[in-house]
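Only one structure is covered here, and it is reproduced in the block below.
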Amino acid sequence: MARSILCVLLLLICANHAHLALAAVVETVYDAARIARTLVEQSDTSTGNMATIFPGEHPDLPNYPFSMQEYYASCHSNGSLTLLFLPISRHSRNVLHASSHAASISVTSPVPAASRPRVSLLGNITVFTDIGSVPDRSAIQECYLAKHRDARWWLPDDKDAAHIAYWARFDPQAIYFVGGFGG
Ligand SMILES: *[C@@H]1O[C@H](CO)[C@@H](O)[C@H](O)[C@H]1NC(C)=O
Ligand SMILES: *[C@@H]1O[C@H](CO)[C@@H](O)[C@H](O)[C@H]1NC(C)=O
């Protein structure tokens, strides 16, 4: 399917450098983009590993990388991902602190063996603090809950929810794809 892949940069990396040229032949950029898209969209859990960076002024962990699981849902035809953004979380605080709102979300193959493909999406996050400004809000909510039913207890605009939450959109700007050993 030639659905548009909105990445400005695509890096093809092969864990075995001796086979780099071979991998580039075996796996075209188009194939890599297609595999990456499939990994993200057909994940059984729609759960990735998000990475952000602690603020430089953090008293204990300045500029440390921070990585932890994060729910996502692929609710846009162009590959942008829907997130539930809880300001209380470490990731959210790191993202809001960086003017770029940058983050990375990586997704493995269902069996995350070293020989299997994995992808890291690098991009940035738009947070909709005004619930009224969320484009296609009911469709977004329905799409997200179809993947993460447990999230119904902490939806934005729910007065009874334990934490404040906002809808957010992650826009991938680059894709870092690893096809596995030897491609
Ligand atoms: C995300 O990055 C793009 C490209 O650099 C930029 O145009 C956009 O303003 C950024 N969005 C946010 C929320 O920072
Ligand atoms: C993808 O589409 C959404 C609208 O559905 C748009 O807001 C977003 O910026 C697009 N993503 C990228 C990476 O351009």
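The values are calculated or read from the model by the stated rules, or taken from the named source; none is laboratory data. Here the structure is a predicted model, which means the values were calculated and not measured. FYI the Cβ positions are ideal-geometry reconstructions off the backbone, even for glycines, and counts take in every protein chain you see.
Structural remarks
- Some residue of the range 97-120 being of a type outside the set (Ser, Thr, Tyr), out of contact with any helix residue (DSSP H, G or I) (no Cβ under 6 Å at 6 or more places or on another chain) and within 21 Å of ILE164 (Cβ to Cβ): yes
- Among the residues making up the range 75-107, those that are in contact (Cβ under 8 Å) with a residue 40 or more places away in the chain, more than 19 Å from GLN141 (Cα to Cα) and within 16 Å of ligand 1 (Cβ to nearest atom) are HIS91, ASN94, VAL95, HIS97, ALA98, ALA102, ALA103, SER104, ILE105.
- Per the listing PRO110, PRO59, the residue uniquely more than 16 Å from ligand 1 (Cβ to nearest atom) and free of Cβ contacts under 8 Å to residues at least 60 places away in the same chain is PRO59.
- Screening the candidates VAL107, VAL127, VAL119 for the property of being at pLDDT 90 or above, within 19 Å of the chain's Cα centre (by Cα), surrounded by 14 or more Cβ atoms within 10 Å (Cβ to Cβ) and over 17 Å from SER46 (Cα atoms) yields one hit, VAL127.
- In the range 158-175, the residues that are out of contact with any Lys or Arg (no Cβ under 9 Å at 6 or more places or on another chain) and either over 28 Å from ARG37 (Cβ atoms) or of a type in the set (Phe, Trp, Tyr) (or both): LYS159, ASP160, ALA161, ALA162, HIS163, ILE164, TYR166, PHE170
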